[in-house]
1. Please count how many residues of the range 103-132 are on the phi < 0 side of the Ramachandran plot, in contact with a helix residue (DSSP H, G or I) (Cβ under 9 Å, 6 or more places away or on another chain) and not β-branched (Val, Ile, Thr).
2. Does at least one position in the range 118-140 carry a residue that is in a helix (DSSP H, G or I) and hydroxyl-bearing (Ser, Thr, Tyr)?
3. Do we have GLN86 as modelled with pLDDT of 95 or more, surrounded by 15 or more Cβ atoms within 10 Å (Cβ to Cβ) and not basic (Lys, Arg) here?
4. Of all residues in the range 20-71, which are on the phi > 0 side of the Ramachandran plot and over 16 Å from the mean Cα position of the chain (by Cα)?
5. Being modelled with pLDDT of 90 or more and over 19 Å from GLN205 (Cα atoms): is that true of PRO33 here?
6. Among the residues of the range 173-193, which ones are closer than 10 Å to VAL91 by Cβ and touching a helix residue (DSSP H, G or I) at 6+ places or on another chain (Cβ under 6 Å)?
7. Going through the range 73-83 one residue at a time, which ones are hydrophobic (A, V, I, L, M, F, W, C) and either farther than 18 Å from ARG117 by Cα or over 18 Å from the mean Cα position of the chain (by Cα) (or both)?
Amino acid sequence: MTHAIRSFTVFVCLLLLFSCKEPPAKLPFLGEPLIIGKDTSYPVIAPFLLMDQDSNQVSNESLRNKIYVADFIFLSCPSICPIITQQMRTVYQAFESDPRVAFVSHSIDPKHDTIPRLKAYASMLGVKAAQWHFVTGNKDSILNLSNKSYFSAAYPDSTAPGGFTHSGGLLLIDRKGHIRGVYDGTNAKETTRLKSDIDILLKEQF
């Protein structure tokens, strides 16, 4: 085989190899889309302004250039919250050196989950406030945010352990405020899937 033919054969093989590669994985956009003509838009998290364990403001704007994982908990929760937080912590530990990724745990019981209590809880977990925000604010605003923006059920319930019913979901939010994934925060396999999806979203958006 001449050099020219051999080179052409190598070129064709490389071309076939790259043309057969699957396109990069991309996460879906969740929520009911709004279609106007040829344009499709997906829901984004509504504007919010909350305070974290260091009394710093946390808002859409402060998170705009990050992707983040959100959940809804309360510190006196006797059922799923400790499990959710431990699963969230495993994800945090995987990305704690990456400033592009943040974590936001919303208290649905702000009356009792004061800023000092949230700070003590975060310190017990050994997390950095700059990356993992335990936030509090007006109770109705947080519950409304949970139910209408994150589509994560949370409401007072006198018959439920701790006085609240809420979902155990971890929600992956992209840089523009779209929900890109929902994961069962009580299931370690789901936590593994979340870590993988964060990697996919980082490749997509950075």
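1. The qualifying residues number 14.
2. Checking the range 118-140: at least one residue is in a helix (DSSP H, G or I) and hydroxyl-bearing (Ser, Thr, Tyr).
3. no
4. Matches in the range 20-71: GLY37, SER55.
5. So PRO33 fails the test.
6. Selection gives TYR183, GLY185, THR191.
7. LEU75, CYS77, ILE80, ILE83
Residues are listed down the side, and each one gets a yes or a no for (1) without any contact (Cβ under 8 Å) to a residue 12 or more places away in the chain; (2) among the aromatic types (Phe, Trp, Tyr); (3) out of contact with any Leu (no Cβ under 8 Å at 6 or more places or on another chain):
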| position | (1), (2), (3) |
| --- | --- |
| THR90 | no, no, yes |
| PHE95 | no, yes, yes |
| ALA120 | yes, no, yes |
| LEU125 | no, no, yes |
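The values are calculated or read from the model by the stated rules, or taken from the named source; none is laboratory data. Owing to the predicted nature of the structure, the values given are computational and were not obtained by experimental measurement. We place every Cβ from the backbone using ideal geometry, glycine too, and count neighbours over all the protein chains shown.
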